[in-house]
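The values are calculated or read from the model by the stated rules, or taken from the named source; none is laboratory data. Here the structure is a predicted model, which means the values were calculated and not measured. Don't worry about glycine lacking a Cβ; one is built from the backbone with ideal geometry, like all the others, and counts go over all protein chains shown. What goes into the accessible areas is simple: the full protein's heavy atoms, side chains included, and nothing from ligands, DNA or RNA. Shrake-Rupley method; radii C 1.70, N 1.55, O 1.52, S 1.80 Å.
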Amino acid sequence: MINALNNINQHELNERKLQINEHSYANLAKISSVGIFRTDLSGNCLYVNQRWSELSGISLTMAFGRGWRKAIHPDDLDLIDAEVKRVLPDMSPLRYEFRFQHPNGRIIWVLSQAEPEIKPDGEAIGYISTVVDITEQRQAQQALQESEEKFRSTFEQAAVGIAHLTVDGRWLRVNQKLCEILGYSQEELLGLTFGEIIHLETDLNYIRQLLTDEIETYSQQKRHIGKNGLPIWINWKISLLRQEPTRQAQQKAEYFIAVVEDISEHKQAEQALQESEERFHTMADTAPMMIWMSGVDKLCNFFNLGWLEFTGRTIEQELGNGWAEGVYPEDLERCLNTYCTAFDARQPFTMEYRLRRYDGEYRWIWDIGTPRFTTNGSFAGYIGSCIDISDRKLAELTLQQRAEELRRSNTILAQTTAMLQKRNQELDQFAYVASHDLKAPLRAIASLSEWLEEDLADQLPPENQHQMQLLRGRVRRMEALINGLLEYSRIGRIYTESSLVNIDELLKEVIDSLQPPATFRIEIAPGMPTLISKRFPLQQVFANLIDNAIKHHSRADGRVKISVQDQGRYYKFAVADDGPGIPLEYHDKVFVIFQTLEARHRKESTGIGLAIVKKIVETEGGTITIDSIPGTGSTFHFVWPKQTDQ
């Protein structure tokens, strides 16, 4: 019993000690400046302290389980997983650096050290790790590394030669560019002294004075003979550096830094520039135009010989703003505004103004100004060229006068066109009224003759009946004549819209409307085209020509053939018959209005049909001709465009 009580007391004591230890551990972890992180073997977070939460940027509760992974920078998660996978089988300690990424985007570098957590019986149950902020250390390392890399890059890739020398002239370090300039390898230079390279005692004396007189920098441009024997221009800049004493060295450390620049190209460029300036002045003075230049202050600093000869003034009189004294007073303000506006915008400009010539006459000048830039892109001013355009201005004035005359002519033409349109409208109205007023009594006469003939049918002798028929025939001819005149007068004055026309179908419609005798044969040749045309005028042409062939044929069993030829932009149609033909002397007359080949009392005809055909064809841009031999028939040829204007 006593042993049992002792065991219980010991157990309670151990439990109390454990609680005290855990409480102490929790307080210690809470106030620790180091982040503490505890996980099981599956990587689930079991505990983090307040410092870990501050470093990671997420709350304590969010870190539990797998939530801690949200605080890790996405680029570092794979690294952490790989390290854990590597040490987990052996439960080895773990040390690695990674980044926390806060929700606000802030990045913190930390060092994490993890040790396996082992139970007293030796069983591993997880890891306990610490996390320390090393951001400043990483930044310092990064800055140092970048500084060292920058120094190495600057030293090795510099466009000038750089060297470190001892105060007695021995080379300590040289870059590749210096070797290229002097023509030595690095091994050769490091085996020589500075004096053996420059060969000039005066330069050595200057350098020695750097030590005695405490001169900071020595600079000289020298023409040097390189190892290859070729002369090169070199600019030496040598600076004396003194370092403060250190614990290891009680005296100041002194050495030189030499910067060596090959200025041979610069010297050659100076010479080339001088030669270029001379060539420019020669070119400018011989150019067939006036040339000026200005600097960045807007003031003119050059005028060529052509300008000076034109104005009759000296270069001193024209420099600066002196040239403005020769500008016509009314043009000066506009001229200066144009120049200054373009100058401020660094834009090209053109302007016209009047400039006084040497004889006092003001001449019109066309001035073209262009901004100048140096090879490095810096603005350097303007250069301009001028030519005398007085003759052109005179021509422009004459052209303006002609344009004004043309404008007045167009106005008169427009008024005339409007008047003609009005007259055409009046003519149409007159034709309509006249047609109506003329047709009404004609119809009355025809009807009256029919009534008389019906009422006196038993009393009128055959001769009077024939005369009544002739009377009605004349009435019909008169009505047809009125219709023909109206149709003729409207050709070309009435708008007709173009459309797609199938000629084969059109001809069949025309033939069907004419109702030729059953014994009469009309043939349509194969291959009739489809074209864009005004349908009604083309239909009138075919109808008049076919009707004319039927009406004036000498036999009831006649034949008409319609064919076509492609002539590029046009089609040439032919309407041929085997009738009596037309004598040559009438070939032109048949197209004249009111002309007929037979007496009207023998064959009813108005003499307008072919005149209508000719007017329609020519209005649409075509032509019409006749081929005929009396006794063998006639062929009418007319040319029609493949596409008529709208």
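Which length gain, in nm to one decimal place, applies between HIS637 and SER498 when the Cα-Cα distance is subtracted from 0.36 nm times their residue separation? Provide the component values of the computation, followed by the final result.
Details: separation 139, 0.36 × 139 = 50.04 nm, distance 2.24 nm.
Result for the pair: 47.8 nm of gain on full extension.
Suppose a student asked you for the relative contact order of region 53-204, using Cα pairs under 8 Å spaced at least 6 residues apart; what percent would you report? Could the numbers behind the result be given before it?
Values: 184 pairs, mean separation 18.0, N = 152.
It rounds to 12 percent for region 53-204.
Can you give the net charge of the other residues whose Cβ lies under 14 Å from the Cβ of ALA380, counting K and R as +1 and D and E as -1? Let's see the in-between values first.
Details: positive: LYS298, ARG346, ARG372; negative: GLU277, ASP297.
Computed value for this residue: +1.
Between region 547-595 and region 511-526, what is the C-alpha centre distance in whole Å?
After rounding, the separation between the Cα centres reads 14 Å.
Once you keep just the Cα pairs under 8 angstrom separated by 6 or more residues, what percentage relative contact order results for region 341-392? Can you show the working numbers first?
Numbers: 82 pairs, mean separation 15.8, N = 52.
Once normalised by length, the contact order is 30 percent.
Of all alpha-carbon pairs in region 281-431, indicate the percentage at a distance above 19 angstrom. Please report the intermediate quantities before stating the final value.
Working: 7180 of 11325 pairs.
Across region 281-431, Cα pairs with separations above 19 Å total 63 percent.
Apply 1/(1 + (r/R0)^6) to the Cβ-Cβ distance of ILE387 and VAL296, taking R0 = 22 Å, and write down the FRET efficiency to the nearest 0.05. Please report the intermediate quantities before stating the final value.
Working: r = 26 Å, r/R0 = 1.19.
E(calc), rounded to 0.05, equals 0.25.
Could you check the spin-label model distance between ARG66 and ASP40? Points 7 Å from the Cα along Cα→Cβ, value in nm.
Result for the modelled spin labels: 1.4 nm.
Please work out how much length the chain gains when fully extended from ALA158 to LYS508, using 0.36 nm per residue of separation minus the C-alpha to C-alpha distance, in nm with one decimal.
On the way: separation 350, 0.36 × 350 = 126.00 nm, distance 9.46 nm.
Gain on stretching ALA158 to LYS508: 116.5 nm.
Could you compute the FRET efficiency for LEU406 and GLU330, with r as their C-beta to C-beta distance and R0 at 35 Å, rounded to 0.05? Numbers along the way, then the final one.
Values: r = 29 Å, r/R0 = 0.84.
With a Förster radius of 35 Å, E is 0.75.
Separation between the GLU618 and GLU180 pseudo-spin-labels, each 7 Å from Cα along Cα→Cβ, expressed in nm?
8.8
Between ILE128 and PHE151, what FRET efficiency follows from the Cβ-Cβ distance if R0 is 45 Å, with the result rounded to 0.05?
Working: r = 43 Å, r/R0 = 0.96.
E(calc), rounded to 0.05, equals 0.55.
Where does the charge balance sit around ARG95 when Lys and Arg score +1, Asp and Glu -1, over other residues with C-beta under 14 Å from its C-beta? Can you show the working numbers first?
Working: positive: ARG86; negative: GLU83, GLU97, GLU115.
With Lys, Arg at +1 and Asp, Glu at -1, the net is -2.
How much of the accessible area of region 259-319, in percent, comes from carbon and sulfur atoms when a 1.4 Å probe is used? Write out the running numbers ahead of the final one.
Numbers: 2040 of 3660 Å².
Here carbon and sulfur together make up 56 percent of the probe-accessible area.
Can you tell me the relative contact order of region 89-151? Whole percent, Cα pairs under 8 Å, sequence separation 6 or more.
Working: 82 pairs, mean separation 16.1, N = 63.
Normalised by residue count, the contact order of region 89-151 is 26 percent.
With all protein chains present, calculate the accessible area of GLU277 using a 1.4 Å probe and round the result to the nearest 10 Å².
90
Within a Cβ distance under 10 Å of ALA525, other residues only, what is the Lys/Arg minus Asp/Glu net charge? Mind dumping the intermediate values first?
On the way: positive: LYS561; negative: ASP504, GLU523.
The answer is -1.
About the Cα centre of region 278-344, what is the dipole size in debye to 20, counting +1 per Lys and Arg Cβ and -1 per Asp and Glu Cβ, all else neutral? Don't jump to the answer; show the numbers that get you there.
On the way: 4 positive and 11 negative charges, 31 e Å.
That gives a dipole near 160 debye.
In whole Å and largest first, what semi-axes does the C-alpha gyration tensor of region 548-589 yield when each eigenvalue is scaled by 5 and square-rooted? Don't skip to the answer; put the middle values down first.
On the way: eigenvalues 113, 48, 9 Å².
Equivalent-ellipsoid dimensions as semi-axes: 24, 16, 7 Å.
Taking a label point 7 Å from the Cα of ALA140 along the Cα→Cβ vector, which residues of region 88-130 have an amide N closer than 17 Å to it?
Residues 109-111 fall inside that zone.
Using only the heavy atoms of the protein chains and a 1.4 Å probe, how would MET283, MET289 rank by accessible area, largest first? Intermediate results must be reported in sequence, preceding the final value.
Details: MET283 95, MET289 70 Å².
From most exposed to least exposed: MET283, MET289.
Once you've got the Cα coordinates, tell me which of LYS508/LYS642; LYS534/LYS589; LYS70/LYS119; LYS177/LYS267; LYS572/LYS615; LYS298/LYS393 are over 23 Å apart.
Details: LYS508/LYS642 20 Å; LYS534/LYS589 27 Å; LYS70/LYS119 30 Å; LYS177/LYS267 19 Å; LYS572/LYS615 17 Å; LYS298/LYS393 29 Å.
Long pairs (Cα-Cα over 23 Å): LYS534/LYS589; LYS70/LYS119; LYS298/LYS393.
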